[in-house]
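Undergrad: I am attaching a structure below and will ask some questions about it afterwards.
Each reported figure results from applying straightforward, stated rules to the coordinates on display, with no laboratory input. Predicted model only: the values in this text are computed from it and were never measured. FYI the Cβ positions are ideal-geometry reconstructions off the backbone, even for glycines, and counts take in every protein chain you see.
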Amino acid sequence: MGEKAQTFYHLPDDGRGFFVEVGIDEERGQAVVLRSFRSSVPLEDYAHGVRLPEGWA
């Protein structure tokens, strides 16, 4: 597998929003990780580089 880029999206929905993580193998140009979650716990490893909007929870 080549270089892998991670991108996170937050989709708000009146307090019921969720996060989506997309991992891309840049060499192949394919998604290799795709997962969604509601808790911010999976973001802890990336927290130093993630900024959440106020009131997201």
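Undergrad: In segment 4-57, what count of residues is obtained for those that are of a type outside the set (A, V, I, L, M) and not in a loop (DSSP other than H, G, I, E, B)?
TA: 21
Undergrad: How many of the residues making up segment 1-37 are in contact (Cβ under 8 Å) with a residue 40 or more places away in the chain and small (Gly, Ala, Ser)? It would help to see each step written out before you state the result.
TA: Our first condition is that a residue be in contact (Cβ under 8 Å) with a residue 40 or more places away in the chain; within segment 1-37, this holds for 6, 8, 10, 12, 15.
Filter once more, so that each one left must be small (Gly, Ala, Ser): 15.
Counting residues in segment 1-37 that are in contact (Cβ under 8 Å) with a residue 40 or more places away in the chain and small (Gly, Ala, Ser) gives 1.
Undergrad: Next up: Take segment 18-36 and flag every residue that is over 12 Å from residue 4 (Cβ atoms) and surrounded by 13 or more Cβ atoms within 10 Å (Cβ to Cβ).
TA: Hits for segment 18-36 are 18, 19, 20.
Undergrad: Which residues, counting only those in segment 13-39, are closer than 19 Å to residue 55 by Cα and over 15 Å from the mean Cα position of the chain (by Cα)? Give the steps one after another, and end with the answer.
TA: Taking segment 13-39 as the starting set, the residues that turn out to be closer than 19 Å to residue 55 by Cα are 13-20, 37-39.
Once the filter is applied, which keeps residues that are closer than 19 Å to residue 55 by Cα and over 15 Å from the mean Cα position of the chain (by Cα), segment 13-39 yields 13, 14, 15, 16.
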